[in-house]
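One structure is given here, and the rest of the page talks about it.
The values are calculated or read from the model by the stated rules, or taken from the named source; none is laboratory data. As the structure is a computational prediction, the values presented were derived from the model and not from experiment. For neighbour counting, all protein chains shown are included, and Cβ atoms are generated from backbone atoms with ideal geometry for every residue, glycine included.
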Amino acid sequence: MENGQNLPVADSRIKVLVVDDHPNTANMLARAISRLGSHVEVVSATSGHEALQHVENGAVDILITDMMMPEMTGLELIKKLNDEPFIRPVFSFLVTAYDSAEFVETAERLDVKKIITKPVHPESICEIVTQAMDEMKKSDSPKQESSQEKSTTKASDMEAPTEIEVHSS
């Protein structure tokens, strides 16, 4: 098993963090993602500060965060996580009701995988998470690849589900 093949499901568990200041939205998305299977651990937070506490308890693989939240925006949260190489998520997704050229530039600079325009449908989020997990599995094939190399995927590398508008420059 030294090469990473045939690992038990418990060893390949994916941790997803959903952050939205509206608890109902955060819980709805977390419940939908948790239905992807026992290999997915989903936690939700209702603020950037709460999200950082979750990350202190163990790094996350996939971050899905709302942009507009009190005290800390989704971009500020992503920047804080990116500044810490050992807790940086492999993929970050940003949910927003608006965008602008400056917003898109900042998101790209922070290696946001995809900007998802509201309204967000649980099925679409599940599809996005599934695609991200598939990419993680592909990049994990040779286990010697570092997490920093895995996290440099650009937004254009993943196809967008038809239910969600994806913005990138």
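Observations on the structure shown:
- Among the numbered conditions (1) surrounded by fewer than 17 Cβ atoms within 10 Å (Cβ to Cβ); (2) over 12 Å from residue 129 (Cα atoms); (3) of a type outside the set (S, T, N, Q), the only one that residue 59 does not meet is (1).
- When residues in segment 56-89 are screened for being assigned to a helix (DSSP H, G or I) and either within 14 Å of residue 111 (Cβ to Cβ) or modelled with pLDDT of 95 or more (or both), 9 of them pass.
- Residue list for segment 71-86, filter: touching a strand residue (DSSP E or B) at 6+ places or on another chain (Cβ under 9 Å) and among the hydrophobic types (A, V, I, L, M, F, W, C): 75, 77, 78, 81
- Looking across segment 102-158, the residues that are at pLDDT 90 or above, of a type in the set (A, V, I, L, M), in contact with a Lys or Arg (Cβ under 8 Å, 6 or more places away or on another chain) and part of a helix (DSSP H, G or I) come down to 128, 132, 136.
- Check on residue 32, at pLDDT 95 or above, touching a Pro at 6+ places or on another chain (Cβ under 6 Å) and not in a loop (DSSP other than H, G, I, E, B): yes
- Among (1) buried (at least 17 other Cβ atoms within 10 Å of the Cβ); (2) over 15 Å from the mean Cα position of the chain (by Cα); (3) without any contact (Cβ under 8 Å) to a residue 40 or more places away in the chain - the single one residue 81 does not satisfy: (2)
- If you go through segment 84-96 and keep only what is surrounded by 11 or more Cβ atoms within 10 Å (Cβ to Cβ), without any contact (Cβ under 8 Å) to a residue 40 or more places away in the chain and over 10 Å from the mean Cα position of the chain (by Cα), you end up with 84, 87, 96.
- Among residues of segment 9-44, those that are more than 14 Å from residue 89 (Cβ to Cβ), surrounded by fewer than 20 Cβ atoms within 10 Å (Cβ to Cβ), touching a residue at least 12 places away in the same chain (Cβ under 8 Å) and among the acidic types (Asp, Glu), counted: 1
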